[in-house]
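Enquirer: One structure follows; several queries about it will come next.
The values are calculated or read from the model by the stated rules, or taken from the named source; none is laboratory data. In this text the structure is predicted, and so the values were computed from the model without any measurement. Positions of Cβ are generated from backbone atoms using ideal geometry, with glycine treated the same way; all protein chains shown enter the neighbour counts. The area values use the complete protein model at the heavy-atom level, side chains included, leaving out ligands, DNA and RNA. Shrake-Rupley method; radii C 1.70, N 1.55, O 1.52, S 1.80 Å.
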Amino acid sequence: MNTLNFTPPGKHNSGDSVVNGVDLSVNFAGIKAPNPFWLASAPPTDKAYNVVRAYEAGWGGVVWKTLGEEPPAVNVSSRYSAHYGKNREVIGFNNIELITDRSLEVNLKEITQVKKDWPDRALIVSIMVPCNEEAWAYILPLVEATGADGIELNLGCPHGMPERGMGAAVGQNPDLIEKVTYWCKKHYSKPVIVKLTPNITDIRVGAQAALRGGADAVSLINTINSITSIDLDNMVAKPTVGHLSTHGGYCGSAVKPIAMNMVAEIARDPATPTLPISGIGGISTWRDAAEFIALGAGSVQVCTAAMLNGFRIVEEMKDGLSRWMAEKGYDSIEAFSRKAIPQTTDWKHLDINFKTIAKIDQDLCIECGRCYIACEDTSHQSIAKLTEKDGARRYEVIEEECVGCNLCQITCPVENCITMVPQETGKPFLAWDDDPRNPFRAAS
């Protein structure tokens, strides 16, 4: 039996690009896929068994776990830790696992067979080898012979590999990013995606370097350097290897805001306005994916959510995204990609004269007082606490004191109980550059 092409009972090939009458297919930097949902290079894409299960579940693409030179990497035990919220909800996920610990030969054979069996799915191979042209020139023809659709350069791994002059050690150096990308374009004929590290001051610098080197696209973000927790009994961080630990790569829903900002920075940079972007970082739902796409992503990559919930989460992602697109009248992913970029700008271009204030819906208010405490203790003292004749509490916004900071709305546990209402000020649009109160206005 060919285990790479075996479909277990009850499984099916759910690779249709049209879902709920909406076309979810993408053409990302020349790589076609039935939908924008791809699995990121990570443990879920370590071998053929996992990848085939992902394709059967309906994922549009996979980035195979990073290949390296021989001998393969050696991993430690244990490897993962988490930052928890209430009820042990995993907010952030940390790992110290390295690139593949399986041989290059085995990986290449499996990639070849999987691509042969699943020609309609995107299959990208992640690669990390030493920073010299000979190493890249050796591995690239081997990867190209597999028939994979493209490669992703792992220039962002923050642990283990930078100590060897790879991963983030390259991704933090624009000259090396450009050089490695150039080598790959020289020795490989298919699309080259450069995966960027967030452990850098300005993500745009890395993207610009990749573009100068000839990159067809970038993907971001890779994981963020982190320590998630300390075992206070033994005074060692987690995950613990024996009696020691180290920093690892942080991912999961907690990194989503950081990732979206970095995606947007590249999408709105005049130096990279059309550079294709594969968005990564905390994507767990269809809405997360839609937000990344609206900020410039042409595909999205998922890891932590799949590790925590299994591959079938893609069913809800495809269903939810297609229903939302149908409701909004978008007939393709491309139709709303980058739609939010024109409204994303620098602080200095915002309207200083715009004003909004909070409004509390008394019918929805449960009188918990969280808005009052937050505003009274830490903000602008613009919520009044009143006591009715029957002893009931009532909270009202003091409009003349409210600065529209949104804190009360954020702390309120009841959805839509507090809304922010724009006010008519009668004042024209005024950016900070033109504001008389700006002490640097004349100079600028």
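Enquirer: Provide a single number: the residues in segment 156-172 that are without any contact (Cβ under 8 Å) to a residue 60 or more places away in the chain, buried (at least 18 other Cβ atoms within 10 Å of the Cβ) and in contact with a helix residue (DSSP H, G or I) (Cβ under 9 Å, 6 or more places away or on another chain).
Expert: Going through segment 156-172 one residue at a time, the tally reaches 6.
Enquirer: Which residue, of ILE139, ILE151, is within 12 Å of TRP183 (Cα to Cα), among the hydrophobic types (A, V, I, L, M, F, W, C) and open to solvent by less than 40 Å² (accessible area, probe 1.4 Å)?
Expert: ILE139
Enquirer: As an exercise: evaluate ALA215 against (1) of a type in the set (Gly, Ala, Ser); (2) touching a helix residue (DSSP H, G or I) at 6+ places or on another chain (Cβ under 6 Å); (3) over 30 Å from GLY15 (Cβ atoms) and give the number of the one condition it does not meet.
Expert: (3)
Enquirer: Report the residue count in segment 262-280 for those that are open to solvent by less than 10 Å² (accessible area, probe 1.4 Å) and under 22 Å from GLU315 (Cβ atoms).
Expert: Total satisfying the criteria: 2.
Enquirer: Hey, among GLU70, GLU56, which residue is over 17 Å from the mean Cα position of the chain (by Cα) and surrounded by 16 or more Cβ atoms within 10 Å (Cβ to Cβ)?
Expert: GLU56
Enquirer: Mind checking which residues of segment 310-331 are open to solvent by 30 Å² or more (accessible area, probe 1.4 Å) and in contact with a strand residue (DSSP E or B) (Cβ under 6 Å, 6 or more places away or on another chain)?
Expert: Hit for segment 310-331 is ALA326, nothing else.
Enquirer: Filter segment 92-116 down to residues that are surrounded by 16 or more Cβ atoms within 10 Å (Cβ to Cβ) and farther than 17 Å from VAL143 by Cβ, then give me how many there are.
Expert: 7
Enquirer: Now for a different question. Return the residues of segment 112-141 that are hydrophobic (A, V, I, L, M, F, W, C) and without any contact (Cβ under 8 Å) to a residue 60 or more places away in the chain; say none if nothing qualifies.
Expert: CYS131, TRP136, ALA137, LEU140
Enquirer: Based on this model, can you work out whether LYS109 counts as within 26 Å of ARG212 (Cα to Cα) and among the basic types (Lys, Arg)?
Expert: For LYS109, the condition - within 26 Å of ARG212 (Cα to Cα) and among the basic types (Lys, Arg) - is not met.
Enquirer: Give the residues of segment 206-226 that are open to solvent by 10 Å² or more (accessible area, probe 1.4 Å), within 20 Å of ILE293 (Cβ to Cβ) and either polar (S, T, N, Q) or without any contact (Cβ under 8 Å) to a residue 60 or more places away in the chain (or both), sorted by residue number.
Expert: Passing the criteria: only ASN222.
Enquirer: Out of the residues in segment 58-81 that are modelled with pLDDT of 95 or more and touching a Gly at 6+ places or on another chain (Cβ under 8 Å), state the one that is farthest from ILE124 (Cα to Cα).
Expert: GLY58
Enquirer: Say we look at segment 170-196 and pick out the residues that are of a type in the set (S, T, N, Q) and at pLDDT 95 or above; which of these is nearest to the chain's Cα centre (by Cα)?
Expert: THR181
Enquirer: While we're on this one: Given ARG370, ARG393, which one is in contact with a Lys or Arg (Cβ under 9 Å, 6 or more places away or on another chain) and surrounded by 13 or more Cβ atoms within 10 Å (Cβ to Cβ)?
Expert: ARG393
Enquirer: If I filter segment 230-246 down to residues being under 29 Å from ILE280 (Cβ atoms) and in contact with a Lys or Arg (Cβ under 8 Å, 6 or more places away or on another chain), which single residue comes out as most open to solvent (accessible area, probe 1.4 Å)?
Expert: ILE230
Enquirer: Please give the number of the condition ILE283 fails out of (1) touching a strand residue (DSSP E or B) at 6+ places or on another chain (Cβ under 8 Å); (2) of a type in the set (A, V, I, L, M); (3) at pLDDT below 95.
Expert: (3)
Enquirer: Working only within segment 247-261, note down all residues that are within 9 Å of the chain's Cα centre (by Cα) and buried (at least 21 other Cβ atoms within 10 Å of the Cβ).
Expert: Correct list: CYS251, GLY252, SER253, VAL255, ALA259, MET260.
Enquirer: If you don't mind, there's one more thing I want to ask. For residues that are of a type outside the set (Gly, Ala, Ser) and free of Cβ contacts under 8 Å to residues at least 24 places away in the same chain, scanning just segment 72-89, find the one that is farthest from ILE227 (Cα to Cα).
Expert: Among those that are of a type outside the set (Gly, Ala, Ser) and free of Cβ contacts under 8 Å to residues at least 24 places away in the same chain, it is ASN87.
Enquirer: Does segment 396-444 hold any residues that are open to solvent by less than 40 Å² (accessible area, probe 1.4 Å) and either farther than 21 Å from HIS380 by Cα or of a type in the set (S, T, N, Q) (or both), and which are they?
Expert: THR411, VAL414, LEU430, ALA431, ASP435, ASN438
Enquirer: Among (1) buried (at least 20 other Cβ atoms within 10 Å of the Cβ); (2) among the small types (Gly, Ala, Ser); (3) not in a helix (DSSP H, G or I), where does SER189 come up short?
Expert: (1)
Enquirer: Which of the residues spanning segment 295-309 are in contact with a helix residue (DSSP H, G or I) (Cβ under 8 Å, 6 or more places away or on another chain) and either open to solvent by 20 Å² or more (accessible area, probe 1.4 Å) or more than 16 Å from VAL51 (Cα to Cα) (or both)?
Expert: Those that are in contact with a helix residue (DSSP H, G or I) (Cβ under 8 Å, 6 or more places away or on another chain) and either open to solvent by 20 Å² or more (accessible area, probe 1.4 Å) or more than 16 Å from VAL51 (Cα to Cα) (or both): LEU295, GLY296, ALA297, GLY298, VAL300, CYS303, MET307.
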